[in-house]
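First comes the structure, then the notes that go with it.
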Amino acid sequence: MNRRYFFLILFCLYSFLGNSQTLVTGKVSDSSSGDPIPFVNIIITDLSKGTVSNLEGDFNFKLPENATNEMRVVFSHIGYQSTQLTVEDLKKGFLQVKMTLDEYELDQAIVLDFDPKEIMKRAQENLINTQYGKPHEIEVFYRELIWVNDTIQGLTRARGDLHSEGYDIRHSKRKTVSGNNYHFAAYNQIQKSEYGLLTNMYGKPRSELGNGPMIALIFRLWNFNLNWFDYDLLGGRKLGDREVYILSIKAKNNGVKSRASRWGKSHYGFLQDAILYIDQEDYGIHMMELSQGFPPEKKVTKYSRFEYMLKGSEAVVKFRRDVEGNYFFTYANYTNRYREYGYQTEKNPLEKDVREFAEIYALGYDLSVLSDEELRSKYHTSVSGELPFRSLAYHIDWYNSLIFIAGKARYNPEFWEGFDYPRYPREKELERQLSRNKPLSEQFAEFRNNQFYLHPILKKRNGLNEGYWARTGLYPSRVGY
């Protein structure tokens, strides 16, 4: 073969392979102020693939192999005009995406005459028509960070899948059924550093995001009595071509939290003070900003005698609307703040201010309905019930103090070298900080994911004698470990 044609073929092959794995990176910012815009939905509409910008507006993801140049890529966020590019535009190097504020004032007649409580009522009544109603799978990326006295103590990343059983109005009406049973996340690739904080107090954001309860909050949210809230219509915004109400709700006398306790779901307390972004046409929920405060009082755990004081929690949950009017989960984060005073058995316990942060991104959607057998195979667990009430059983690791995973936990360096995920602001700086005493690669390689491993450490470190630490309440895993 002529050498000239040989190298031409190699060049074409290289170009093809390169394009099929193109890494898209960029930043989304306000066109006027230049400020970064966090949590912008970025979707290749024809493929339902994409990501969300991080806290500093940065984003990165790999283009799917079947993405063609003419496909549309939509950047959308509450209060901004949607920006559209093509897949071809994404291949031109680092992108500086500028989004323009959409000046919008809600008609004063609506503000004055329309009862805000009626907006909530219509959102409640229309939920069955707005939330996607069939089972589907979502590829997800999870991140967790913990600070102690403003110093980072640990970092976890995980890639997995989230099963949604879809939406049926009875999901929110069956008081004896946990609402999160219809969402189940499994993580098959994990990176985790050692944590400088090891107590039985931390892990609230992980338990709510890592296995789906916060994501499923909307499925049970609307079963509450509307009279438990005070309402205030703050105004309106635009989301692309959609007009959106900004509705503030505040729970009366913390009643929502106390009434919700009968379901054992403390995260319902987030409705204590919330802002909901509700579509003016179909009354679907585009975004929820949630917060919860606590009285300044010390608490003690029942068995381990650990003292702490809760300070507050905040969360953001976002959904995206497709052209057919279906709403899908796309992003959530959760922050938990508390002060810990150590174990009562410690001689000189140190007081610490702790802040936990976790976030979960939807990276892609598969709208096919998996059979029971396919679900068992994918998530390595048992499936019970009939559509639309199938639930997946939790593994032993649902109870642990690290992160939940279906199937055996593992650290796979090769996977992470080729997997691109949304970066946390200054993530490299955080990695360097965590690597000062021990290389992060070694910490990841020593990843342990077993609660029985943690119990002796906690017992020895804190002089605990309660039988709680040797309890056999954690049952053998269905996958044999």
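General remarks:
- Verdict on Gly179 being surrounded by 21 or more Cβ atoms within 10 Å (Cβ to Cβ), at pLDDT 70 or above and either touching a Leu at 6+ places or on another chain (Cβ under 9 Å) or within 26 Å of Leu276 (Cα to Cα) (or both): no
- Candidates Val317, Val323, Val369, Val354, filtered to the one that is open to solvent by less than 10 Å² (accessible area, probe 1.4 Å), under 30 Å from Leu47 (Cβ atoms) and of a type in the set (A, V, I, L, M, F, W, C): Val317
- Considered as a group, the residues in region 216-237 that are part of a strand (DSSP E or B) and open to solvent by 40 Å² or more (accessible area, probe 1.4 Å) include one that is farthest from Pro116 (Cα to Cα), and that residue is Arg237.
- If only residues of region 423-447 that are basic (Lys, Arg) and assigned to a loop (DSSP other than H, G, I, E, B) are counted, the one that is most open to solvent (accessible area, probe 1.4 Å) is Arg436.
- Residue within region 150-163 that is surrounded by fewer than 19 Cβ atoms within 10 Å (Cβ to Cβ), touching a Lys or Arg at 6+ places or on another chain (Cβ under 6 Å) and at pLDDT 85 or above present: no
- Scanning region 284-299 for residues that are of a type outside the set (D, E, K, R) and surrounded by 13 or more Cβ atoms within 10 Å (Cβ to Cβ) yields Gly284, Ile285, His286, Met287, Met288, Leu290, Ser291, Gln292, Gly293, Phe294.
- Within region 212-265, being at pLDDT below 80, touching a Phe, Trp or Tyr at 6+ places or on another chain (Cβ under 7 Å), of a type outside the set (A, V, I, L, M, F, W, C) and more than 17 Å from Gln292 (Cα to Cα) holds for one residue alone: Gly212.
- Restricting Lys91, Lys49 to residues that are open to solvent by 20 Å² or more (accessible area, probe 1.4 Å), of a type outside the set (Ser, Thr, Tyr) and touching a Pro at 6+ places or on another chain (Cβ under 6 Å) narrows the list to Lys49.
- Summed over region 323-346, residues that are part of a loop (DSSP other than H, G, I, E, B) and in contact (Cβ under 8 Å) with a residue 24 or more places away in the chain total 6.
- Every listed requirement among (1) assigned to a loop (DSSP other than H, G, I, E, B); (2) open to solvent by less than 10 Å² (accessible area, probe 1.4 Å) is met by Asn66 save one, (2).
- Strands (runs of 3 or more DSSP E) wholly inside region 76-167 containing at least 3 residues that are over 25 Å from Asp30 (Cβ atoms) and not basic (Lys, Arg): 136-148, 151-164
The values are calculated or read from the model by the stated rules, or taken from the named source; none is laboratory data. Keep in mind it's a predicted model, so treat the numbers as computed, not measured. Positions of Cβ are generated from backbone atoms using ideal geometry, with glycine treated the same way; all protein chains shown enter the neighbour counts. Side chains are part of the model used for accessible areas, which takes the heavy atoms of the whole protein and leaves out ligands, DNA and RNA. Shrake-Rupley method; radii C 1.70, N 1.55, O 1.52, S 1.80 Å.
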